[in-house]
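Written below as C-alpha coordinates is the structure these notes are about.
The values are calculated or read from the model by the stated rules, or taken from the named source; none is laboratory data. What you see is a predicted model, and the numbers here were worked out from it, not measured in a lab. Here the Cβ positions follow ideal geometry from the backbone for every residue, glycine too, while neighbour counts run over all protein chains shown. All accessible areas refer to the heavy atoms of the entire protein, side chains included, with ligands and DNA or RNA removed. Shrake-Rupley method; radii C 1.70, N 1.55, O 1.52, S 1.80 Å.
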Amino acid sequence: MPHAPAVKPEPSPWAIEFRDAGRVLTSEDGPKSILTEVSGRLARGRVLTLIGPSGAGKSTLLSLCNLLQTPDVGEVFVWGREVRSWPLAELRRRVGLVMQQPVMLPGTVADNLAVPSRLHGRPQADGHRLLQQVGLDPSILQRPAEELSGGQKQRVALARTLANEPDILLVDEGTSALDRESAGVIERHVRCLVTSRCLTVVWVTHDLEQARRVGDETWLIDNGRVVEQGTTEAFFEAPQTEAAKRFLRTAERGQAGAGRR
Amino acid sequence: MSLWTLALTLAFVVAAMLVSLWQRLGLEKDMVVATIRATVQLLVIGYVLKFVFHMDNFALTAAMVALMTCVAADNAGRRGRGLAGRFWRPFAAIAAAEVLAQGFLLAVHVIPGRPSYIIPISGMIIGNSMVACGLFLNRLRDEARTRNAEVWALLALGANPKQASRAVVKAATKASMIPTIDSAKTMGLVQLPGMMTGQIIAGADPIQAVRYQLLIVFAIIASAAITSIVLGFLTYPRLFNRFWQLVV
Ligand SMILES: Nc1ncnc2c1ncn2[C@@H]1O[C@H](COP(=O)(O)OP(=O)(O)OP(=O)(O)O)[C@@H](O)[C@H]1O
Ligand SMILES: [Mg+2]
(Lines give C-alpha, C1' and ligand atoms only; values in the text may rest on other atoms or scores of the structure.)
(Ligands and ions follow the chains in the order given, each with its own letter.)
Protein backbone atom coordinates (compact mmCIF):
# COMPACT_ATOMS: atom_id res chain seq x y z
CA MET A 1 0.00 0.00 0.00
CA PRO A 2 1.29 3.45 -0.87
CA HIS A 3 2.88 5.41 1.96
CA ALA A 4 2.39 9.11 2.28
CA PRO A 5 5.59 11.02 2.86
CA ALA A 6 5.47 14.55 1.48
CA VAL A 7 6.93 14.50 -2.00
CA LYS A 8 8.74 17.37 -3.53
CA PRO A 9 7.44 18.03 -7.00
CA GLU A 10 10.10 17.14 -9.46
CA PRO A 11 11.36 20.16 -11.33
CA SER A 12 9.20 19.60 -14.38
CA PRO A 13 7.60 22.54 -16.12
CA TRP A 14 4.84 20.25 -17.29
CA ALA A 15 1.88 19.97 -14.96
CA ILE A 16 0.40 17.12 -16.95
CA GLU A 17 1.81 15.06 -19.75
CA PHE A 18 0.14 12.23 -21.65
CA ARG A 19 2.33 9.76 -23.51
CA ASP A 20 0.29 7.55 -25.82
CA ALA A 21 -2.17 7.13 -23.00
CA GLY A 22 -5.17 4.92 -23.58
CA ARG A 23 -8.01 3.33 -21.70
CA VAL A 24 -9.46 -0.03 -22.65
CA LEU A 25 -12.64 -1.45 -21.15
CA THR A 26 -13.47 -5.13 -21.35
CA SER A 27 -17.12 -5.82 -21.91
CA GLU A 28 -19.01 -8.95 -23.03
CA ASP A 29 -18.17 -8.31 -26.66
CA GLY A 30 -14.44 -8.04 -26.12
CA PRO A 31 -12.11 -5.16 -25.25
CA LYS A 32 -13.17 -1.69 -26.32
CA SER A 33 -10.83 1.26 -26.43
CA ILE A 34 -12.55 4.36 -25.06
CA LEU A 35 -9.38 6.45 -25.16
CA THR A 36 -6.68 5.90 -27.74
CA GLU A 37 -3.11 7.19 -28.07
CA VAL A 38 -3.55 10.47 -26.25
CA SER A 39 -0.37 12.50 -26.25
CA GLY A 40 0.14 16.07 -25.23
CA ARG A 41 1.22 18.23 -22.37
CA LEU A 42 0.17 21.21 -20.38
CA ALA A 43 2.48 23.71 -18.72
CA ARG A 44 2.11 25.07 -15.22
CA GLY A 45 -0.38 27.92 -14.91
CA ARG A 46 -2.13 27.20 -18.21
CA VAL A 47 -5.82 26.53 -18.76
CA LEU A 48 -6.74 23.75 -21.13
CA THR A 49 -10.32 23.50 -22.33
CA LEU A 50 -11.44 20.06 -23.49
CA ILE A 51 -14.33 19.88 -25.89
CA GLY A 52 -15.94 17.13 -27.88
CA PRO A 53 -19.21 15.33 -28.44
CA SER A 54 -20.92 13.40 -25.67
CA GLY A 55 -19.27 10.03 -25.07
CA ALA A 56 -15.99 11.18 -26.66
CA GLY A 57 -13.93 10.35 -23.58
CA LYS A 58 -13.48 13.73 -21.89
CA SER A 59 -14.41 12.57 -18.40
CA THR A 60 -12.26 9.47 -18.83
CA LEU A 61 -9.27 11.61 -19.78
CA LEU A 62 -9.72 13.70 -16.62
CA SER A 63 -9.91 10.66 -14.38
CA LEU A 64 -6.58 9.38 -15.72
CA CYS A 65 -4.91 12.49 -14.31
CA ASN A 66 -5.65 11.62 -10.68
CA LEU A 67 -5.74 7.86 -11.20
CA LEU A 68 -9.44 7.41 -10.53
CA GLN A 69 -9.05 5.35 -13.68
CA THR A 70 -5.85 3.62 -14.69
CA PRO A 71 -4.23 4.26 -18.05
CA ASP A 72 -4.22 0.74 -19.50
CA VAL A 73 -1.89 1.84 -22.26
CA GLY A 74 0.88 4.42 -22.16
CA GLU A 75 1.65 6.78 -19.33
CA VAL A 76 0.36 9.89 -17.64
CA PHE A 77 2.79 12.18 -15.84
CA VAL A 78 1.93 14.76 -13.23
CA TRP A 79 4.76 17.16 -12.41
CA GLY A 80 7.06 14.81 -14.28
CA ARG A 81 6.14 11.76 -12.23
CA GLU A 82 4.04 8.89 -13.53
CA VAL A 83 0.67 8.85 -11.75
CA ARG A 84 1.06 5.23 -10.63
CA SER A 85 4.22 6.03 -8.72
CA TRP A 86 2.71 8.92 -6.77
CA PRO A 87 1.57 8.51 -3.17
CA LEU A 88 -2.15 8.42 -3.93
CA ALA A 89 -3.47 10.69 -1.20
CA GLU A 90 -0.98 13.35 -2.22
CA LEU A 91 -1.74 12.97 -5.92
CA ARG A 92 -5.46 13.28 -5.44
CA ARG A 93 -5.21 16.19 -3.07
CA ARG A 94 -3.02 18.12 -5.48
CA VAL A 95 -4.90 17.12 -8.62
CA GLY A 96 -8.42 18.16 -7.62
CA LEU A 97 -11.28 16.76 -9.68
CA VAL A 98 -14.74 18.28 -9.77
CA MET A 99 -16.88 15.46 -11.09
CA GLN A 100 -19.56 15.79 -13.71
CA GLN A 101 -22.25 14.65 -11.28
CA PRO A 102 -21.86 16.60 -8.06
CA VAL A 103 -22.12 14.21 -5.11
CA MET A 104 -22.90 15.62 -1.70
CA LEU A 105 -21.53 13.78 1.31
CA PRO A 106 -23.76 13.25 4.35
CA GLY A 107 -24.29 16.26 6.57
CA THR A 108 -24.41 19.99 6.05
CA VAL A 109 -22.62 22.17 3.53
CA ALA A 110 -20.14 23.03 6.26
CA ASP A 111 -19.51 19.32 6.88
CA ASN A 112 -18.86 18.84 3.18
CA LEU A 113 -16.36 21.66 3.07
CA ALA A 114 -14.60 20.29 6.14
CA VAL A 115 -14.04 16.85 4.63
CA PRO A 116 -10.82 17.60 2.68
CA SER A 117 -8.95 19.04 5.65
CA ARG A 118 -10.11 16.14 7.80
CA LEU A 119 -8.93 13.58 5.25
CA HIS A 120 -5.47 15.07 5.03
CA GLY A 121 -5.07 16.28 8.60
CA ARG A 122 -4.64 19.88 7.50
CA PRO A 123 -5.92 23.03 9.17
CA GLN A 124 -9.64 23.62 8.82
CA ALA A 125 -10.58 25.56 5.68
CA ASP A 126 -12.70 28.71 5.97
CA GLY A 127 -16.17 27.69 4.76
CA HIS A 128 -17.41 31.27 4.44
CA ARG A 129 -14.64 32.28 2.12
CA LEU A 130 -14.86 29.09 0.03
CA LEU A 131 -18.56 29.63 -0.59
CA GLN A 132 -18.17 33.31 -1.44
CA GLN A 133 -15.49 32.50 -3.97
CA VAL A 134 -17.85 30.27 -5.93
CA GLY A 135 -20.67 32.81 -5.70
CA LEU A 136 -22.74 31.19 -2.96
CA ASP A 137 -24.22 32.91 0.06
CA PRO A 138 -22.46 31.71 3.25
CA SER A 139 -25.89 31.50 4.92
CA ILE A 140 -26.32 28.04 3.38
CA LEU A 141 -23.41 26.66 5.44
CA GLN A 142 -25.72 24.95 7.93
CA ARG A 143 -28.18 23.60 5.35
CA PRO A 144 -28.22 19.82 4.72
CA ALA A 145 -26.18 19.46 1.55
CA GLU A 146 -28.64 17.00 0.03
CA GLU A 147 -31.36 19.69 -0.04
CA LEU A 148 -29.47 22.07 -2.30
CA SER A 149 -30.39 22.76 -5.91
CA GLY A 150 -28.36 21.19 -8.71
CA GLY A 151 -26.48 24.42 -9.38
CA GLN A 152 -25.76 24.94 -5.70
CA LYS A 153 -24.46 21.40 -5.39
CA GLN A 154 -22.18 21.95 -8.35
CA ARG A 155 -20.67 24.99 -6.70
CA VAL A 156 -20.33 23.31 -3.29
CA ALA A 157 -18.53 20.43 -5.04
CA LEU A 158 -16.12 22.93 -6.61
CA ALA A 159 -15.58 24.73 -3.30
CA ARG A 160 -14.96 21.37 -1.61
CA THR A 161 -12.29 20.48 -4.15
CA LEU A 162 -10.70 23.92 -3.76
CA ALA A 163 -10.56 23.36 0.00
CA ASN A 164 -7.78 20.88 -0.76
CA GLU A 165 -5.76 23.72 -2.33
CA PRO A 166 -4.93 21.70 -5.43
CA ASP A 167 -2.24 22.90 -7.79
CA ILE A 168 -3.98 21.25 -10.71
CA LEU A 169 -7.75 21.60 -11.06
CA LEU A 170 -9.86 19.35 -13.27
CA VAL A 171 -13.37 20.64 -13.86
CA ASP A 172 -15.87 18.36 -15.59
CA GLU A 173 -18.71 20.56 -16.85
CA GLY A 174 -18.64 22.39 -13.56
CA THR A 175 -21.07 25.07 -14.64
CA SER A 176 -23.54 23.03 -16.69
CA ALA A 177 -26.39 23.69 -14.24
CA LEU A 178 -25.65 27.39 -13.82
CA ASP A 179 -26.96 30.53 -15.46
CA ARG A 180 -24.56 32.71 -17.42
CA GLU A 181 -23.94 35.06 -14.54
CA SER A 182 -23.12 32.39 -11.94
CA ALA A 183 -20.97 30.57 -14.48
CA GLY A 184 -19.14 33.88 -15.01
CA VAL A 185 -18.38 34.10 -11.28
CA ILE A 186 -16.82 30.65 -11.36
CA GLU A 187 -14.84 31.36 -14.52
CA ARG A 188 -13.44 34.58 -13.06
CA HIS A 189 -12.55 32.94 -9.75
CA VAL A 190 -10.71 30.10 -11.46
CA ARG A 191 -8.86 32.52 -13.75
CA CYS A 192 -7.99 34.53 -10.67
CA LEU A 193 -6.45 31.43 -9.04
CA VAL A 194 -4.53 30.83 -12.24
CA THR A 195 -2.99 34.28 -12.06
CA SER A 196 -2.50 34.50 -8.31
CA ARG A 197 -1.44 30.93 -7.49
CA CYS A 198 -0.32 29.69 -10.85
CA LEU A 199 -3.06 27.03 -10.78
CA THR A 200 -3.12 24.70 -13.78
CA VAL A 201 -6.60 23.86 -15.09
CA VAL A 202 -8.23 21.31 -17.36
CA TRP A 203 -11.77 22.41 -18.03
CA VAL A 204 -14.30 20.18 -19.81
CA THR A 205 -17.26 21.99 -21.28
CA HIS A 206 -19.98 21.71 -23.90
CA ASP A 207 -20.25 25.48 -24.03
CA LEU A 208 -17.91 26.60 -26.83
CA GLU A 209 -18.18 30.26 -25.85
CA GLN A 210 -16.95 29.28 -22.42
CA ALA A 211 -14.18 27.11 -23.83
CA ARG A 212 -13.03 30.14 -25.80
CA ARG A 213 -13.31 32.57 -22.88
CA VAL A 214 -11.56 30.41 -20.31
CA GLY A 215 -8.92 28.52 -22.27
CA ASP A 216 -5.34 29.20 -23.19
CA GLU A 217 -5.25 25.94 -25.07
CA THR A 218 -8.03 23.79 -26.46
CA TRP A 219 -8.17 20.11 -27.37
CA LEU A 220 -10.95 18.51 -29.33
CA ILE A 221 -11.68 14.88 -28.49
CA ASP A 222 -13.75 12.68 -30.72
CA ASN A 223 -14.38 8.99 -30.33
CA GLY A 224 -11.57 8.52 -27.84
CA ARG A 225 -8.93 10.36 -29.83
CA VAL A 226 -7.56 13.86 -29.50
CA VAL A 227 -8.18 15.10 -33.00
CA GLU A 228 -6.90 18.64 -32.66
CA GLN A 229 -4.83 20.47 -30.11
CA GLY A 230 -3.57 24.01 -30.16
CA THR A 231 -3.93 27.41 -28.59
CA THR A 232 -7.52 28.37 -27.97
CA GLU A 233 -7.22 31.28 -30.34
CA ALA A 234 -5.84 29.19 -33.19
CA PHE A 235 -8.38 26.48 -32.53
CA PHE A 236 -11.36 28.77 -32.92
CA GLU A 237 -9.94 31.15 -35.51
CA ALA A 238 -8.18 28.70 -37.78
CA PRO A 239 -8.93 25.05 -37.05
CA GLN A 240 -6.47 22.76 -38.82
CA THR A 241 -8.23 19.44 -39.14
CA GLU A 242 -11.36 18.54 -41.06
CA ALA A 243 -12.84 17.04 -37.87
CA ALA A 244 -12.41 20.31 -35.95
CA LYS A 245 -13.91 22.38 -38.75
CA ARG A 246 -16.88 20.04 -38.93
CA PHE A 247 -17.32 20.08 -35.15
CA LEU A 248 -17.29 23.88 -35.01
CA ARG A 249 -19.70 24.18 -37.94
CA THR A 250 -22.23 21.78 -36.40
CA ALA A 251 -21.90 23.42 -33.03
CA GLU A 252 -22.52 26.86 -34.55
CA ARG A 253 -25.57 25.67 -36.37
CA GLY A 254 -26.84 24.00 -33.20
CA GLN A 255 -26.38 27.15 -31.20
CA ALA A 256 -28.03 29.35 -33.83
CA GLY A 257 -30.94 26.92 -33.95
CA ALA A 258 -31.34 26.87 -30.18
CA GLY A 259 -31.35 30.69 -30.09
CA ARG A 260 -29.67 32.84 -27.49
CA ARG A 261 -30.27 31.88 -23.89
CA MET B 1 -37.17 -40.29 26.43
CA SER B 2 -36.85 -43.70 24.86
CA LEU B 3 -36.04 -44.36 21.21
CA TRP B 4 -39.51 -45.82 20.81
CA THR B 5 -41.27 -42.61 21.90
CA LEU B 6 -38.89 -40.62 19.72
CA ALA B 7 -39.85 -42.82 16.78
CA LEU B 8 -43.50 -41.96 17.40
CA THR B 9 -42.74 -38.31 16.67
CA LEU B 10 -41.93 -39.37 13.13
CA ALA B 11 -45.70 -39.15 12.73
CA PHE B 12 -45.16 -35.41 12.33
CA VAL B 13 -42.92 -36.02 9.35
CA VAL B 14 -45.36 -38.44 7.84
CA ALA B 15 -48.18 -35.93 8.24
CA ALA B 16 -46.08 -33.22 6.56
CA MET B 17 -45.27 -35.60 3.72
CA LEU B 18 -48.96 -36.38 3.22
CA VAL B 19 -49.67 -32.65 2.99
CA SER B 20 -46.86 -32.32 0.48
CA LEU B 21 -48.24 -35.17 -1.64
CA TRP B 22 -51.77 -33.89 -1.42
CA GLN B 23 -50.79 -30.32 -2.37
CA ARG B 24 -48.21 -31.57 -4.90
CA LEU B 25 -45.49 -29.49 -3.26
CA GLY B 26 -42.92 -32.04 -4.34
CA LEU B 27 -41.08 -31.75 -1.03
CA GLU B 28 -41.37 -35.39 0.10
CA LYS B 29 -37.91 -36.36 -1.02
CA ASP B 30 -36.33 -33.34 0.67
CA MET B 31 -38.24 -34.15 3.83
CA VAL B 32 -36.95 -37.69 3.91
CA VAL B 33 -33.40 -36.51 3.36
CA ALA B 34 -33.75 -33.76 6.00
CA THR B 35 -35.21 -36.19 8.53
CA ILE B 36 -32.49 -38.74 8.00
CA ARG B 37 -29.70 -36.19 8.07
CA ALA B 38 -31.00 -34.47 11.21
CA THR B 39 -31.39 -37.82 12.96
CA VAL B 40 -27.99 -39.19 12.03
CA GLN B 41 -26.11 -35.92 12.64
CA LEU B 42 -27.68 -35.30 16.03
CA LEU B 43 -27.31 -38.90 17.19
CA VAL B 44 -23.67 -38.92 16.18
CA ILE B 45 -23.10 -35.56 17.86
CA GLY B 46 -24.82 -36.92 20.95
CA TYR B 47 -22.36 -39.80 21.17
CA VAL B 48 -19.38 -37.59 20.33
CA LEU B 49 -20.40 -35.14 23.05
CA LYS B 50 -20.87 -37.94 25.50
CA PHE B 51 -17.37 -39.15 24.71
CA VAL B 52 -15.82 -35.68 24.93
CA PHE B 53 -17.63 -34.88 28.16
CA HIS B 54 -16.52 -38.17 29.58
CA MET B 55 -12.86 -37.63 28.65
CA ASP B 56 -12.92 -34.10 30.10
CA ASN B 57 -9.63 -33.36 28.38
CA PHE B 58 -8.73 -29.77 27.56
CA ALA B 59 -6.91 -30.50 24.29
CA LEU B 60 -9.81 -32.57 23.04
CA THR B 61 -12.30 -29.86 23.94
CA ALA B 62 -10.18 -27.22 22.23
CA ALA B 63 -9.94 -29.38 19.11
CA MET B 64 -13.69 -29.75 19.05
CA VAL B 65 -14.18 -25.97 19.33
CA ALA B 66 -11.59 -25.40 16.60
CA LEU B 67 -13.43 -27.81 14.34
CA MET B 68 -16.71 -26.00 14.96
CA THR B 69 -15.02 -22.70 14.12
CA CYS B 70 -13.65 -24.12 10.87
CA VAL B 71 -17.02 -25.40 9.74
CA ALA B 72 -18.65 -22.05 10.57
CA ALA B 73 -15.90 -20.08 8.79
CA ASP B 74 -16.18 -22.25 5.70
CA ASN B 75 -19.92 -21.71 5.63
CA ALA B 76 -19.63 -17.93 6.12
CA GLY B 77 -16.87 -17.72 3.50
CA ARG B 78 -19.14 -19.35 0.93
CA ARG B 79 -21.70 -16.61 1.45
CA GLY B 80 -19.15 -13.83 1.15
CA ARG B 81 -18.55 -14.84 -2.47
CA GLY B 82 -15.03 -13.57 -2.83
CA LEU B 83 -15.14 -10.49 -0.64
CA ALA B 84 -13.84 -12.29 2.40
CA GLY B 85 -11.58 -14.72 0.60
CA ARG B 86 -12.38 -18.38 0.99
CA PHE B 87 -11.71 -19.03 4.58
CA TRP B 88 -9.24 -17.24 6.74
CA ARG B 89 -10.96 -13.86 7.15
CA PRO B 90 -14.24 -15.29 8.48
CA PHE B 91 -12.18 -17.77 10.48
CA ALA B 92 -10.22 -14.97 12.15
CA ALA B 93 -13.40 -13.00 12.88
CA ILE B 94 -15.29 -15.95 14.37
CA ALA B 95 -12.27 -17.20 16.27
CA ALA B 96 -11.68 -13.75 17.75
CA ALA B 97 -15.27 -13.65 19.00
CA GLU B 98 -15.07 -17.16 20.42
CA VAL B 99 -11.72 -16.68 22.11
CA LEU B 100 -12.64 -13.33 23.65
CA ALA B 101 -16.16 -14.22 24.77
CA GLN B 102 -15.36 -17.73 25.94
CA GLY B 103 -12.06 -16.61 27.42
CA PHE B 104 -13.83 -14.00 29.49
CA LEU B 105 -16.44 -16.46 30.76
CA LEU B 106 -13.71 -18.87 31.80
CA ALA B 107 -11.33 -16.27 33.19
CA VAL B 108 -13.84 -14.80 35.62
CA HIS B 109 -15.18 -18.27 36.44
CA VAL B 110 -18.68 -17.55 35.21
CA ILE B 111 -18.74 -21.11 33.93
CA PRO B 112 -16.65 -24.06 35.05
CA GLY B 113 -13.97 -25.10 32.59
CA ARG B 114 -15.62 -28.36 31.68
CA PRO B 115 -16.49 -29.51 28.15
CA SER B 116 -20.16 -29.89 29.07
CA TYR B 117 -20.24 -26.10 29.54
CA ILE B 118 -17.66 -24.95 27.04
CA ILE B 119 -18.93 -26.83 24.01
CA PRO B 120 -22.62 -25.90 24.04
CA ILE B 121 -21.85 -22.25 24.80
CA SER B 122 -19.20 -22.20 22.07
CA GLY B 123 -21.81 -23.61 19.74
CA MET B 124 -24.09 -20.68 20.47
CA ILE B 125 -21.34 -18.10 20.09
CA ILE B 126 -19.87 -19.59 16.93
CA GLY B 127 -23.25 -20.15 15.29
CA ASN B 128 -24.28 -16.59 15.94
CA SER B 129 -20.94 -15.23 14.75
CA MET B 130 -21.33 -17.21 11.56
CA VAL B 131 -24.68 -15.59 10.89
CA ALA B 132 -23.22 -12.16 11.68
CA CYS B 133 -20.39 -12.84 9.20
CA GLY B 134 -22.77 -13.77 6.43
CA LEU B 135 -24.92 -10.69 7.02
CA PHE B 136 -21.90 -8.42 7.20
CA LEU B 137 -20.41 -9.63 3.93
CA ASN B 138 -23.67 -9.41 2.02
CA ARG B 139 -24.39 -6.00 3.39
CA LEU B 140 -20.88 -4.66 2.81
CA ARG B 141 -21.11 -5.38 -0.89
CA ASP B 142 -24.62 -3.91 -1.14
CA GLU B 143 -23.69 -0.77 0.74
CA ALA B 144 -20.56 -0.28 -1.34
CA ARG B 145 -22.67 -0.55 -4.47
CA THR B 146 -25.52 1.70 -3.44
CA ARG B 147 -23.21 4.32 -1.98
CA ASN B 148 -20.54 4.06 -4.64
CA ALA B 149 -20.93 7.69 -5.75
CA GLU B 150 -20.14 8.82 -2.23
CA VAL B 151 -17.13 6.52 -2.01
CA TRP B 152 -15.78 7.77 -5.35
CA ALA B 153 -16.30 11.36 -4.26
CA LEU B 154 -14.20 10.70 -1.16
CA LEU B 155 -11.52 8.93 -3.18
CA ALA B 156 -11.38 11.88 -5.56
CA LEU B 157 -10.68 14.14 -2.59
CA GLY B 158 -7.74 11.94 -1.64
CA ALA B 159 -9.34 9.63 0.91
CA ASN B 160 -7.52 6.37 1.55
CA PRO B 161 -9.51 3.09 1.47
CA LYS B 162 -10.17 3.19 5.18
CA GLN B 163 -11.50 6.74 5.09
CA ALA B 164 -13.49 6.16 1.91
CA SER B 165 -15.18 3.02 3.20
CA ARG B 166 -15.83 4.12 6.76
CA ALA B 167 -19.53 4.85 6.31
CA VAL B 168 -20.04 1.68 4.29
CA VAL B 169 -18.32 -0.53 6.87
CA LYS B 170 -20.24 1.14 9.66
CA ALA B 171 -23.58 0.49 7.97
CA ALA B 172 -22.66 -3.15 7.35
CA THR B 173 -21.54 -3.63 10.96
CA LYS B 174 -24.78 -2.17 12.20
CA ALA B 175 -26.85 -4.35 9.89
CA SER B 176 -25.05 -7.50 10.95
CA MET B 177 -25.75 -6.83 14.63
CA ILE B 178 -29.40 -5.89 14.36
CA PRO B 179 -30.86 -9.44 14.28
CA THR B 180 -28.92 -10.38 17.42
CA ILE B 181 -30.07 -7.27 19.24
CA ASP B 182 -33.66 -7.62 18.05
CA SER B 183 -33.88 -11.21 19.15
CA ALA B 184 -32.51 -10.20 22.55
CA LYS B 185 -35.27 -7.60 22.83
CA THR B 186 -38.12 -10.05 22.36
CA MET B 187 -36.44 -12.95 24.10
CA GLY B 188 -38.86 -14.86 26.31
CA LEU B 189 -41.83 -12.87 25.04
CA VAL B 190 -42.14 -14.33 21.58
CA GLN B 191 -40.21 -17.54 21.96
CA LEU B 192 -38.29 -19.38 24.55
CA PRO B 193 -34.75 -19.83 23.33
CA GLY B 194 -33.90 -23.35 22.25
CA MET B 195 -31.26 -24.00 24.86
CA MET B 196 -33.51 -22.92 27.70
CA THR B 197 -36.39 -24.99 26.38
CA GLY B 198 -34.16 -28.05 26.25
CA GLN B 199 -32.85 -27.48 29.75
CA ILE B 200 -36.32 -26.99 31.21
CA ILE B 201 -37.68 -30.08 29.51
CA ALA B 202 -34.69 -32.04 30.72
CA GLY B 203 -35.72 -31.09 34.23
CA ALA B 204 -33.61 -28.04 35.11
CA ASP B 205 -34.92 -25.34 37.40
CA PRO B 206 -36.37 -22.59 35.12
CA ILE B 207 -34.62 -19.89 37.14
CA GLN B 208 -31.24 -21.57 36.61
CA ALA B 209 -32.10 -22.09 32.94
CA VAL B 210 -32.93 -18.38 32.61
CA ARG B 211 -29.62 -17.38 34.18
CA TYR B 212 -27.68 -19.47 31.71
CA GLN B 213 -29.77 -18.15 28.88
CA LEU B 214 -28.97 -14.57 29.89
CA LEU B 215 -25.31 -15.42 29.94
CA ILE B 216 -25.68 -16.74 26.40
CA VAL B 217 -27.54 -13.61 25.24
CA PHE B 218 -24.85 -11.32 26.58
CA ALA B 219 -22.04 -13.43 25.17
CA ILE B 220 -23.77 -13.52 21.81
CA ILE B 221 -24.25 -9.76 21.59
CA ALA B 222 -20.60 -9.21 22.39
CA SER B 223 -19.45 -11.85 19.95
CA ALA B 224 -21.57 -10.50 17.09
CA ALA B 225 -19.96 -7.11 17.68
CA ILE B 226 -16.45 -8.56 17.81
CA THR B 227 -17.03 -10.63 14.66
CA SER B 228 -18.32 -7.70 12.65
CA ILE B 229 -15.59 -5.35 13.77
CA VAL B 230 -12.79 -7.81 13.07
CA LEU B 231 -14.29 -8.73 9.72
CA GLY B 232 -14.67 -5.03 8.89
CA PHE B 233 -10.97 -4.48 9.51
CA LEU B 234 -10.01 -7.47 7.41
CA THR B 235 -12.32 -6.94 4.45
CA TYR B 236 -12.55 -3.19 3.74
CA PRO B 237 -9.24 -3.17 1.82
CA ARG B 238 -10.73 -5.70 -0.59
CA LEU B 239 -13.29 -3.18 -1.80
CA PHE B 240 -10.39 -1.37 -3.51
CA ASN B 241 -7.53 -2.16 -5.85
CA ARG B 242 -3.97 -1.02 -5.29
CA PHE B 243 -4.65 2.32 -6.94
CA TRP B 244 -7.42 3.07 -4.45
CA GLN B 245 -10.19 2.57 -6.96
CA LEU B 246 -13.46 1.03 -5.82
CA VAL B 247 -13.79 -2.41 -7.39
CA VAL B 248 -17.17 -3.83 -6.33
N1 LIG C 1 -18.02 2.26 -16.69
C2 LIG C 1 -18.16 2.25 -18.02
N3 LIG C 1 -18.57 1.12 -18.64
C4 LIG C 1 -18.69 1.07 -19.96
N5 LIG C 1 -18.46 2.10 -20.77
C6 LIG C 1 -18.07 3.24 -20.22
C7 LIG C 1 -17.89 3.40 -18.83
N8 LIG C 1 -17.49 4.65 -18.58
C9 LIG C 1 -17.43 5.25 -19.76
N10 LIG C 1 -17.78 4.43 -20.75
C11 LIG C 1 -17.79 4.73 -22.18
O12 LIG C 1 -16.63 5.46 -22.48
C13 LIG C 1 -16.88 6.47 -23.40
C14 LIG C 1 -16.34 7.78 -22.90
O15 LIG C 1 -17.06 8.17 -21.75
P16 LIG C 1 -16.84 9.58 -21.07
O17 LIG C 1 -17.69 9.64 -19.86
O18 LIG C 1 -15.38 9.80 -20.88
O19 LIG C 1 -17.39 10.58 -22.17
P20 LIG C 1 -17.55 12.16 -22.09
O21 LIG C 1 -16.79 12.72 -23.20
O22 LIG C 1 -17.23 12.65 -20.74
O23 LIG C 1 -19.11 12.33 -22.37
P24 LIG C 1 -20.14 13.42 -21.80
O25 LIG C 1 -19.88 14.68 -22.54
O26 LIG C 1 -21.47 12.85 -22.12
O27 LIG C 1 -19.88 13.54 -20.35
C28 LIG C 1 -18.36 6.47 -23.65
O29 LIG C 1 -18.61 5.85 -24.90
C30 LIG C 1 -18.93 5.64 -22.55
O31 LIG C 1 -20.04 4.91 -23.01
MG1 LIG D 1 -18.30 13.41 -19.23
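Observations, loosely collected:
- At q = 0.11, 0.14, 0.15, 0.17 Å⁻¹, base-10 log of I(q)/I(0) for the stretch B:57-239 (Debye sum, equal scatterers on each alpha carbon): -0.52, -0.78, -0.87, -1.04
- Against the compact-protein benchmark of 2.2 N^0.38 Å, the Cα-based radius of gyration of the stretch A:14-260 scales to 1.01.
- Cβ neighbours within 10 Å from other chains - mean over A:155-164: 1
- Here is the interface size for A with B: some 1700 Å² of accessible area buried, both sides summed, with a 1.4 Å probe.
- Burial ranking of peptide ranges A:140-150, B:103-113 (average Cβ count within 10 Å, highest at the top): A:140-150, B:103-113
- Computed log10 I(q)/I(0) for the stretch A:1-144 at 0.10, 0.18 Å⁻¹: -0.45, -1.17, from the Debye equation with unit scatterers placed on every C-alpha and solvent omitted.
- Cα centroid of the stretch B:1-36 to Cα centroid of the stretch A:97-148, whole Å: 64
- With contributions of -39500 (n - 2.57) from each DSSP H run of at least four residues, the per-residue ellipticity at 222 nm computed over the protein assembly as shown stands at -18500 deg cm²/dmol.
- Note on the protein assembly as shown: Cα convex hull, mean projected area over all directions, 34.1 nm².
- Exposure of residue B:233 as accessible area (Å², to 10), given a probe of 1.4 Å and all protein chains: 120
- Lysines whose Cα lies under 25 Å from that of residue B:185, excluding same-chain neighbours fewer than 8 positions away: B:170, B:174
- Net +/- balance of residues flanking residue A:24 in space, Cβ distance below 14 Å, scoring K and R +1, D and E -1: -1
- Solvent exposure ordering (accessible area, 1.4 Å, most first) of A:91, B:3, B:18: B:3, B:18, A:91
- Per residue, in Å², the accessible surface of the protein assembly as shown once ligands and nucleic acids are set aside, probe 1.4 Å: 52
- Count Lys and Arg as plus one, Asp and Glu as minus one, and take only other residues whose Cβ is under 9 Å from that of residue A:204; the net charge is then -1.
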